[in-house]
1. Considering only segment 242-256, state which residues are touching a residue at least 40 places away in the same chain (Cβ under 8 Å) and in a loop (DSSP other than H, G, I, E, B).
2. Just wondering, is there one or more residues in segment 123-140 that are in a strand (DSSP E or B) and either modelled with pLDDT of 95 or more or open to solvent by 40 Å² or more (accessible area, probe 1.4 Å) (or both)?
3. If only one of Gln358, Gln435 is in contact with a Cys (Cβ under 7 Å, 6 or more places away or on another chain) and either on the phi > 0 side of the Ramachandran plot or in contact (Cβ under 8 Å) with a residue 24 or more places away in the chain (or both), which one is it?
4. Yes or no: Phe414 at negative phi and surrounded by fewer than 13 Cβ atoms within 10 Å (Cβ to Cβ)?
5. Give the residues of segment 378-402 that are under 34 Å from the mean Cα position of the chain (by Cα) and among the β-branched types (Val, Ile, Thr), sorted by residue number.
6. Residues of segment 221-245 being in contact with an Asp or Glu (Cβ under 8 Å, 6 or more places away or on another chain) and closer than 25 Å to Phe182 by Cα, which ones?
7. Among the residues of segment 233-252, is any over 22 Å from the mean Cα position of the chain (by Cα) and open to solvent by less than 50 Å² (accessible area, probe 1.4 Å)?
8. Take the conditions at pLDDT below 95, in a helix (DSSP H, G or I) and among the hydrophobic types (A, V, I, L, M, F, W, C) and apply them to Leu421. Does it pass?
Amino acid sequence: MSEGEEIGNQIKELAAVVAAAKADKKPIEEWKPTLDEMLALKTKYKEVTGNDYGPPKKEKKKAQNQEQQGPSEKNKAKKEAKAKAKAEKEAKKIRQRAEREQREKEKAARLAGVGQDNFGDAPLVCSKEVTDKVWTGIADLKPVLAGQTVLVRGHVQTSRLVGKGAFILLRSSLFSVQGVCFESKEISNAMVKYIAGLPSESVVDVTGVVSVPDQPIDSATQKMVEISITKFHCISKTCAPMPFLMEDACRPDCGKETDVGAYTGEEKESEDGLVRVGQEVRLDNRWLDLRTPANQSIFRIESMVGHLFRQNLMDKGFVEIHTPKLIGGASEGGSEVFQLDYFGQPACLAMSPQLHKQMTAGCSGFERVFETGPVFRAEKSNTRRHLCEFTGFDLEMAIHEHYDEVLDVFSDLFISIFDGLNERCKTEIERVREQHPFEDIKYL
């Protein structure tokens, strides 16, 4: 027996001992020396024989032999058929996806009025041409126009789909009118859905025939007319949801909001359960809040007050002046001023035009002057409507012998303003009254 064979037999005996110890789950401390001895014999076996102990390792098939052998013709045909079927299936999916996307695109185009003459999104106004179109103001829509075709522009306040028809409330400035559109030979279902689905506050052009409804339309200012829509085009579409609905912002007051304390961001529920827009939300979105008819009317009334104030005083020989609002010190006592740095020198915002009024009327020979302009008062307050800044209507005049001369001017001034508002702002006053109920002022 050779030395290699003798070592091999010893390795087998030790391997059997280790295997038996493992099978009996004996602690490794007991059979580890045997394992170390076996491993040492394996090392010695390799030194003697030049080979590792154990059966010879199987040689891996080389990739070159596999390529030489290659798949059978039958398997090759199956693989080609399978690959072809998979490619056809994938191509079908791509084709079906493209067809589906094209159908959806065509459907969206139909609903948007693409290719239609009587409805859809109008092209961007680029001032390229002047047409013969004539727009009629919503305020001018009256029963005398019944049967006539008109073109009006305004904001879509509300729109809804009812059966096979669409109803919209179109608003422009202080006035609103209802428009209706029903399916017919000339009016497609897509047009009706387009009108009903348009976002609120979008700007649209509406062409239609004026008609007189059987019952007055309470939701519109033009209660005795409505427009039977024949053409409908969106000029500017609302892209983002509005922070509040215009119909909620136009509801009449329900209770009085407190004037004291900071806003908390919480909206209190109205007593009647209807949604109303609080003052804080209105101020945070003032650009939208100013669209309400009441706010539009308030600004128009304010403008008219300024006009009547100027007209009355100028008829009496007063001169309008424009005084500085950045001055070196307080123009009168009794109130705090906003201080600021004026190129290294102390200055403040004018708390009144008092100094300059007296200068011009009393010292410069103007005798009678007035001004409408901003006034700044740095008065700390815990109220929500304190007057840190307001528009002041000021006048100054020289008297001949008695201050009753000034009282006469005041009396005539206020009466002319009140009479002028009642005569020239009837519609605006009623719009304010609808949302903020009040009693008419009484004067002699």
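1. First, pick out the residues of segment 242-256 that are touching a residue at least 40 places away in the same chain (Cβ under 8 Å): 242-247, 249-253.
Those that are touching a residue at least 40 places away in the same chain (Cβ under 8 Å) and in a loop (DSSP other than H, G, I, E, B): Met242, Pro243, Phe244, Leu245, Cys250, Arg251, Pro252, Asp253.
2. Step one: of segment 123-140, the residues in a strand (DSSP E or B) are none.
No - not one qualifying residue is present in segment 123-140.
3. So the residue among Gln358, Gln435 that is in contact with a Cys (Cβ under 7 Å, 6 or more places away or on another chain) and either on the phi > 0 side of the Ramachandran plot or in contact (Cβ under 8 Å) with a residue 24 or more places away in the chain (or both) is Gln435.
4. On the way: at negative phi: yes; surrounded by fewer than 13 Cβ atoms within 10 Å (Cβ to Cβ): no.
So Phe414 does not fit the description; no.
5. Within segment 378-402, Thr383, Thr391 qualify.
6. Our first condition is that a residue be in contact with an Asp or Glu (Cβ under 8 Å, 6 or more places away or on another chain); within segment 221-245, this holds for 230-235, 237-238, 242-243.
Hits for segment 221-245 are Thr230, Lys231, Phe232, His233, Cys234, Ile235, Lys237, Thr238.
7. Narrowing segment 233-252 to residues over 22 Å from the mean Cα position of the chain (by Cα): 252.
Okay, now just the ones that are also open to solvent by less than 50 Å² (accessible area, probe 1.4 Å), so none.
No, there is no match, as no residue in segment 233-252 is over 22 Å from the mean Cα position of the chain (by Cα) and open to solvent by less than 50 Å² (accessible area, probe 1.4 Å).
8. no
The values are calculated or read from the model by the stated rules, or taken from the named source; none is laboratory data. This one's a predicted model, so the numbers in the text were calculated from it and none came from an experiment. Reconstructed Cβ throughout: ideal geometry from the backbone, glycine too, with neighbour counts over all protein chains shown. SASA here: full protein model, heavy atoms, side chains in, ligands and nucleic acids out. Shrake-Rupley method; radii C 1.70, N 1.55, O 1.52, S 1.80 Å.
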